[in-house]
1. Suppose the chain between Ala84 and Thr119 were pulled fully straight at 0.36 nm per residue; how much longer would it get relative to their current alpha carbon spacing?
2. Please find, in a Gaussian network model of the chain (springs between Cα atoms separated by less than 10 Å), the residue of Ala112, Ala81, Ala14 whose mean-square fluctuation is greatest.
3. Could you please report the charge total around Leu93, scoring K, R as +1 and D, E as -1 over all other residues with beta-carbon less than 12 angstrom from its beta-carbon?
4. Principal axes first, then extents: for the Cα atoms of the chain, list largest minus smallest coordinate on each axis, whole Å, largest first.
5. Find how much the distance from Glu109 to Ser75 grows on full extension, using 0.36 nm per residue of separation minus their present alpha carbon separation; answer in nm with one decimal.
6. For the chain, which whole-number percentage of the solvent-accessible area (1.4 Å probe, protein heavy atoms only) is attributable to carbon and sulfur atoms?
7. For every helix of n ≥ 4 consecutive DSSP H residues, a contribution of -39,500 (n - 2.57) applies; sum these over the chain, divide by its total residues, and give [θ] at 222 nm rounded to the nearest 500 deg cm²/dmol.
8. Once you list every other residue whose beta carbon is under 15 Å from the beta carbon of Gly122, what net charge do they have if Lys and Arg are +1 and Asp and Glu are -1?
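The values are calculated or read from the model by the stated rules, or taken from the named source; none is laboratory data. Treat the numbers as computed from the prediction; the structure is a model and nothing was measured. We place every Cβ from the backbone using ideal geometry, glycine too, and count neighbours over all the protein chains shown. SASA here: full protein model, heavy atoms, side chains in, ligands and nucleic acids out. Shrake-Rupley method; radii C 1.70, N 1.55, O 1.52, S 1.80 Å.
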Amino acid sequence: MVATAKKFGRVPSAVARLATSPELLNGFLKLSAIFEATTLTALEREVLIMTVAARNECHLCVAMHTATLTRLSASPDLVAALRAEAPLPEPRLEALRVFVHAVMDTRGEAPAEALELFTGAGYTQRNALEVVLGIGTYTLSTYANRLTRAPLDDAFAEHAWHAA
């Protein structure tokens, strides 16, 4: 939990709730650390996380990762589009967002055209597999947060979000 506290400046209540299952928490933290070590940039990883969080309607994850995007100096237009599940203003990041949806929608059997659009934006086959890792990691988190009805911490209140 040290890495989580370092990333967010504290241990979010959701992480504390996940700790009621040390196995789940340990699995999530390990997977998250592995995902952080991928060749995707920090901004690309956050785009993926926000795409999964919004799709899975995890109000807590969207708020937490909005704060992370703010710390990364992401453009307000990018953050707003991610929160609205709208097309992104940056073509490369939009290709990533569309590919994440394609992988989620097809349970991994993304059409060849989706992969071609993704790689056409400069991503690699390795990146495509890293997308699968990110989706798995943050689906685990969003599902657990929804199941435990994790509340929004005051530290993230300014980034509160509700599904449309």
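1. On the way: separation 35, 0.36 × 35 = 12.60 nm, distance 2.50 nm.
The Ala84-Thr119 span can extend by a further 10.1 nm.
2. Comparing Ala112, Ala81, Ala14 in a Gaussian network model of the chain, the most mobile one is Ala112.
3. Working: positive: Arg45, Arg92, Arg97; negative: Glu44, Glu46, Asp77, Glu90, Glu94.
Once all neighbours under 12 Å are counted, the net charge is -2.
4. Result for the chain: principal-axis Cα extents of 42, 33, 27 Å.
5. Values: separation 34, 0.36 × 34 = 12.24 nm, distance 3.18 nm.
My answer for the length gained is 9.1 nm.
6. On the way: 4910 of 8230 Å².
Of all accessible area on the chain, carbon and sulfur atoms account for 60 percent.
7. Values: 9 runs with 111 residues, N = 164.
Calculated mean residue ellipticity at 222 nm is -21000 deg cm²/dmol.
8. Values: positive: Arg92, Arg97, Arg126; negative: Glu44, Glu90, Glu94, Glu116, Glu130.
Once all neighbours under 15 Å are counted, the net charge is -2.
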